[in-house]
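Below is one structure, written out as structure tokens; comments come after it.
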Amino acid sequence: MSENRRKAIIKKLSGSGEPVTGGELADQFQVSRQVIVQDIAILRASGVNVLATSNGYMLPQKQAPGRIVKTFISKHTGFERMREELLIIVDYGGKIIDVTVEHPIYGEIVGNLHLSTREEVESFLDRIRVLDALPLSVLTQGEHIHTIEVPSEKVFQLIMNELIEKGYAKV
């Protein structure tokens with residue numbers, strides 16, 4: 001039964017273009033969320049690369065055809081500045097894949113975000129507020145790296161120009 005459920009979880013994640021929450025999986029398979037967490041851990045241990053994003057679980061997706069992946073360094077503090085930065089990216093059609101900080105003790109820490117719409121950004125920010133959580137960038141006095149996916153080099157330049165103009169990104 002457990003092995004069949006794990007195979008079904010992989011199938012569900014493979015067939016979904018969006019992250020699937022642990023609660024959704026628990027409801028679908030009529031088990032507790034903790035059972036799903038354990039299933040995900042077993043899948044990872046067996047070599048399945050399941051990502052835990054702010055919106056749920058997903059399998060890594062291949063880069064969409066005609067889109068490019070870029071990274072940039074950003075620095076800011078404060079909730080509203082974080083919101084503005086994320087919205088600039090998605091408003092130009094970018095997808096925020098992740099955020100990375102370089103911690104002096106632990107090294108590189110990556111948070112999978114996979115945010116591509118205003119609604120997803122607002123949902124992510126709402127969870128931060130509700131859980132009274134802190135963004136990774138507090139570990140590095142606001143400095144962080146974003147990996148984003150954009151439709152073209154031109155769009156990336158538009159995003160960067162606005163981020164630089166508003167004091168987020170470095171030249």
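Where a number appears in this text, it was derived from the coordinates with a stated rule and is not lab data. It should be emphasised that the depicted structure is a prediction, and the values quoted were computed from it without experimental measurement. Cβ: placed from backbone, ideal geometry, glycine included. Neighbour counts: every protein chain shown.
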Nearest 10 degrees, 0 to 90: helix 33-45 Cα axis against the chain principal axis: 80 degrees
Whole-number D in µm²/s for the range 2-58 (Stokes-Einstein; Kirkwood sum over Cα pairs; 10 °C, 1.306 mPa s): 144 µm²/s
The range 45-132: trypsin sites (Lys or Arg not before Pro) in DSSP coil with no more than 12 other Cβ atoms inside 10 Å: K62
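Pull out the extension gain between I105 and V31, defined as 0.36 nm times the separation in residues minus the alpha carbon to alpha carbon distance; nm, one decimal. Could you put the intermediate results ahead of the total?
Details: separation 74, 0.36 × 74 = 26.64 nm, distance 3.80 nm.
Computed gain between I105 and V31 is 22.8 nm.
Could you calculate the contour length gain from K170 to L136, that is, 0.36 nm times the residue separation minus the distance between their Cα atoms, to one decimal place in nm? Can you show the working numbers first?
Numbers: separation 34, 0.36 × 34 = 12.24 nm, distance 1.87 nm.
Value of the extension gain: 10.4 nm.
Would you mind checking K75/K95; K12/K154; K11/K154; K7/K62 for any pair whose Cα atoms are more than 26 angstrom apart?
Numbers: K75/K95 19 Å; K12/K154 35 Å; K11/K154 36 Å; K7/K62 21 Å.
Pairs exceeding 26 Å: K12/K154; K11/K154.
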Options [x] 10.9; [y] 11.5; [z] 15.8 - which one matches mean projected area of the Cα convex hull in nm² as calculated here: [x]
Over the chain, relative contact order from alpha-carbon pairs under 8 Å, at least 6 apart, %: 25 percent
Full-stretch length increase - E18, L87 - with 0.36 nm per residue and alpha-carbon distance subtracted: 23.0 nm
